[in-house]
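What follows is calculated from the coordinates using simple rules that are stated; it is not laboratory data. As the structure is a computational prediction, the values presented were derived from the model and not from experiment. Methodologically, a virtual Cβ is constructed for each residue, glycine included, from the backbone with ideal geometry; neighbour enumeration extends over all protein chains shown.
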Amino acid sequence: MITLDSFKELIVVLAIAATIFHLAKPVALQFMGAEDFARRRLLWFALTIVAFMVTSLWLFALAAVPLYLWAGRKDSNPVALYLLMMQVVPAVWVDIPFLGNNGLFPLDNYRMLALAVLLPVAIRYRRNSGDAVPGTFGAMDVLLLIFGALQVALYTPPDLRSHLVIPDSPTNALRRAFLFLLDVYLLYFVLSRTCQSRRKMQDAMATLCLACAVMAAIAIFEHARGWLLYVGIASRWGDPTAGFYLLRAGAVRAQASAGHSISLGCLLAVAFGFWLYLQSQVRSAMRRIGAVLLLWGGLFAAFSRGALLGAAAVYFAFMAAGPRALSRLARGAFVALALGGLLALTPIGERVLDELPTAGQAADPYRERLAERGWQLVFAHPYFGDQFPWPEMEDLRQGEGIIDIVNTYLGTALSYGLVGLFVFVSFMLLATTRTYSRSRELAVADPDLALLGTSLVASILGLLLMISTSSFILACQKMFYVLAGLATAYAQLASARLHEPVAPTAVAPLRE
């Protein structure tokens, strides 16, 4: 039911978003076309209004899917459109009904975008592959598909208090295969194959920064007022946990439209890594500093330790991975210490220090017990994991009724063993090393493109740290594959030497 509070929340969200879009427009237009910016902004506002005014996800889908199809056909870079709309609403899901079954599969905004934006792009790419920038099927694809095959073959029943084991079936295996291709491989495929120009990569990175700037501003408001603006949407759409406010140090942890404060923090930390590169092309010092303060304000509002440490890791990795690493690291450390000292003098300084795991608070005993017990089970079943570890971990069940595996690497090793963990980690490390290698090769010939690669490497390293303190869900999972796709596209862009002018004797020039 739509209430007066829904209208109030909508008005606040629209006011904040309109302000950020207005202030960000001059910067955004440096990296994207005016028509694309206007269309994306219109779509964001339209679907935000719809989300606050409808009572179910099905009604939202009736408006969203046709609009996504329309905008995806019009947009010059659908990947950027995907990144802007990825978190326009929380990731609430509903089962698609199917005769003779409990449901075909759950539908959420991520999957609407995959079906309506990414899938048409992939189809067009395959049809026009002769005219497109070549993207080869290589080691990255093989590793990712092996990881998908492990997910299909090794079935982990859901964690239920009753210890009831829901049996697997050929139908469930087919469903897992389909959803892996839809949720994971399609996302990686489209980014790695269709984002292979400097302009498109800049557009994608800037669009994510724009979306995160809006979420950061909303998060700051939520934290300051103790009022989560999007929980009403999730509650009306059937999320039973939507009404819970997460608190830390007596303050509300903001989440904006990300669905969880950890998810929000992950997005903002990656956006900060992108901005470290993009700001090099922004002349206004006020806009450069303002964007940094906005993103970090959102990070503090989310109160996610992992995201704060991840963003700090992004910053120092960016300094260390670029040219003149020692001088850049020294300058970065000086800036960080100066800002930290100023922050310590403010009323929120003590609260911020308390968020760091080694300052002001003891280590989390739950995480320690979870790690000890979890890795014991992993090494007891080292090759392909233990697909039903819940009975041995029953004493770790929390008040929410779940055993929260707050470590992606541990969760992967439990479900797919050390073989699965090796494939999972190798997939991203291969992308990182290739990107770093290409950025070093380009350091002299094209410093700007080299700096873009440095930004990707720093963002990946920050994300790899963040997922060690969170489950592999929501935006954390999506950004993992987004970064892998962009890294692959960057490595292929550099290897194809598209940064250099086309020789007169070459074939027709490649289009951006």
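Computed quantities for the displayed model
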read-out: Estimated vicinal HN-Hα couplings, Hz - region 214-221 in sequence order (Karplus 6.51, -1.76, 1.60; Gly, Pro = x); value: 5, 5, 5, 5, 5, 5, 4, 4
read-out: Taking 58, 93 and counting other C-beta atoms within 10 Å, the order from fewest to most; value: 58, 93
read-out: Region 1-126: projected area of the alpha-carbon convex hull, averaged over directions, in nm²; value: 9.1 nm²
read-out: Proximal lysines relative to residue 25, as straight alpha-carbon distance under 19 Å, when same-chain residues fewer than 8 apart are discounted; value: 200
read-out: Footprinting exposure proxy for 393, 286, 479 (fewest neighbouring C-beta atoms within 10 Å first); value: 286, 393, 479
read-out: Principal semi-axes in Å for region 373-451 [√(5λ), Cα gyration tensor, largest first]; value: 39, 15, 7
read-out: Region 465-478 - phi-based ³J(HN,Hα) in whole Hz, Karplus 6.51/-1.76/1.60, Gly and Pro as x; value: 6, 5, 6, 6, 10, 8, 6, 8, 9, 6, 5, 4, 5, 4
read-out: Amide H contacts under 5 Å for residue 248, placed H, 5+ residues apart; value: 253
read-out: Part-to-part distance (alpha-carbon centres) for region 46-71 and region 408-485, which is given in Å; value: 32 Å
